[in-house]
Amino acid sequence: MARPRTFDGDKVLDAAIACFWSRGLEATSVRDLAEHMGIRGPSLYNAFGDKRALFARALERYATRTMRERITRQHGPRSPRA
């Protein structure tokens, strides 16, 4: 039986975003990510798969938090003239 996760998925993804942002995809190792995210390597693999899968999840979260929020605000309930 698998153990329940003891970390907040959003917080560790935010930490991964910061790590990728500062070092880039290729220069960031799984060890760097695990250390920056505050989790162990096996937990990283169990939760996110490999480094590229984690990068894809982090990129999706980044896009959701930044661009999509801006787009939603622009297409809000206001009329185009307003």
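Being at pLDDT below 90, assigned to a helix (DSSP H, G or I), surrounded by fewer than 15 Cβ atoms within 10 Å (Cβ to Cβ) and out of contact with any strand residue (DSSP E or B) (no Cβ under 9 Å at 6 or more places or on another chain): is that true of T6 here? Against the criterion (at pLDDT below 90, assigned to a helix (DSSP H, G or I), surrounded by fewer than 15 Cβ atoms within 10 Å (Cβ to Cβ) and out of contact with any strand residue (DSSP E or B) (no Cβ under 9 Å at 6 or more places or on another chain)), T6 does not qualify.
Take the conditions (1) at pLDDT 90 or above; (2) surrounded by 13 or more Cβ atoms within 10 Å (Cβ to Cβ); (3) assigned to a helix (DSSP H, G or I); R65 misses just one of them, which is (1).
Cβ-Cβ distances below 6 Å connect the following pairs, each with a first residue in the range 49-65 that is on the phi < 0 side of the Ramachandran plot, a second residue that is in a loop (DSSP other than H, G, I, E, B) and modelled with pLDDT under 95, and a separation of six or more residues or different chains: F55/L25.
Those residues that are outside any loop (DSSP other than H, G, I, E, B) and among the charged types (D, E, K, R), I need them from the range 21-53; list them, please. Residues satisfying the conditions are R23, R31, D32, E35, K51, R52. When the range 2-44 is filtered for residues that are among the aromatic types (F, W, Y), touching a Ser or Thr at 6+ places or on another chain (Cβ under 9 Å) and either touching a residue at least 60 places away in the same chain (Cβ under 8 Å) or within 18 Å of R65 (Cβ to Cβ) (or both), only F20 remains.
The values are calculated or read from the model by the stated rules, or taken from the named source; none is laboratory data. These numbers were taken from a predicted model, which means no experiment stands behind them. Backbone-built Cβ (ideal geometry, glycine too); neighbour counts: all protein chains shown.
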